[in-house]
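Quick notes on the structure that follows.
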Amino acid sequence: MSDDVLEIIRKLGETENSLSKREFISPVYKNKYVVTRIDKIAYTFSIPESKPGWYRFRPVNRKKAKILGPSSFQDTEIYQKLLEKVRIVLVQRDGDVFYGVPFKTNQQGLDIKILYPVYLVLDDMVQDFDEIICRYDGANLWYQAVEANNDQAKVNYLRESLKAAALPKKLAYSGLRFEDKMAYAIRCEIDKKVLERNKEYRLKHAVEHAGGIFKSFTEKGDHFNVSYEVDGEKYTSTIAKNDELKVLTAGICLQSQDQKFDLTSLISVIREGQHRDLIHRTR
């Protein structure tokens, strides 16, 4: 065996013998392992379950590390500066994770049209459409700070536009950049899908609360056409787009009393009419 190989083995042994004396910083977000480089060698350590945050660790052996405590602000900042910097425009928060789009000038090959999760956004002041600074470790984006030049007037404009359901092509703020427009367009698409799911959930819940079986719905200008079954019989009713889901046209003869009912109470009436053989269809 050559002297060079023996020297490498000796240094490797010295490094591993001194592991328990080393300390390192790492972010934690629901992960069971952390990876760090010690003397140019990458080690993967299992860690105890802990709350999301930045921590100081010390190896117990080659496979396990223990938490010494939270990392100080200064130590965290030093660690973050070792990672690549990425600017992100935030789009939406989901639980304790934010999602955003990277600037098209990023050097990491991140796709501007894809939402990326940003972890450890522990600042309660951060909101949708803020521009932030992240650090990228090659796999994950870790929040560092809100961009110092974050244009609050622009951010407020985007938030108010979203509340007003303004279409992306109608945005008129003079300082909007490509990334801002992309973030807003993606958020509008997300909200549209959420809204559609919420509509279906409300209609389905109203039908099933009365014991019916929801089948489908179509949406018109000011109403829904809702199809459902009651005790094996199929019905379609026209329902107003309001919080009460008032009936416009029941689909059965109610002697012009249709609008006295909402969707749930209508199904109860249908069930009783079926049992008494009183149902007369109007379509």
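The values are calculated or read from the model by the stated rules, or taken from the named source; none is laboratory data. Nothing here was measured: the structure is a model prediction, and the numbers come from that model. Note that each Cβ is placed from the backbone with ideal geometry, even for glycine, and that neighbours are counted across all protein chains shown.
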Taking segment 251-271, which residues are surrounded by 14 or more Cβ atoms within 10 Å (Cβ to Cβ) and over 26 Å from L195 (Cβ atoms)? I252, C253, L254, D258, S268, V269, I270, R271
Restricting segment 162-190 to residues that are touching a helix residue (DSSP H, G or I) at 6+ places or on another chain (Cβ under 7 Å) and in a helix (DSSP H, G or I), the one surrounded by the most Cβ atoms within 10 Å (Cβ to Cβ) turns out to be Y184
List pairs: first residue in segment 116-133 and touching a residue at least 60 places away in the same chain (Cβ under 8 Å), second residue β-branched (V, I, T) anywhere in the structure, Cβ distance under 7 angstrom, at least six positions apart or on different chains. Y119/V97
Given the structure, is R56 of a type in the set (K, R) and either surrounded by 16 or more Cβ atoms within 10 Å (Cβ to Cβ) or modelled with pLDDT of 95 or more (or both)? yes
Does any residue of segment 62-73 turn out to be at pLDDT below 90, touching a Lys or Arg at 6+ places or on another chain (Cβ under 9 Å) and either in the same structural domain as D130 (by TED's automatic domain parsing) or among the hydroxyl-bearing types (S, T, Y) (or both)? no
Of all residues in segment 144-198 being among the aliphatic types (A, V, I, L, M) and either touching a Ser or Thr at 6+ places or on another chain (Cβ under 8 Å) or touching a residue at least 40 places away in the same chain (Cβ under 8 Å) (or both), which is farthest from I112 (Cα to Cα)? L171
Quick one: is A206 modelled with pLDDT under 90, over 30 Å from K81 (Cβ atoms) and more than 18 Å from the chain's Cα centre (by Cα)? no
Take N106 and tell me if it is more than 11 Å from V86 (Cα to Cα), in contact with a strand residue (DSSP E or B) (Cβ under 8 Å, 6 or more places away or on another chain) and part of a loop (DSSP other than H, G, I, E, B). no
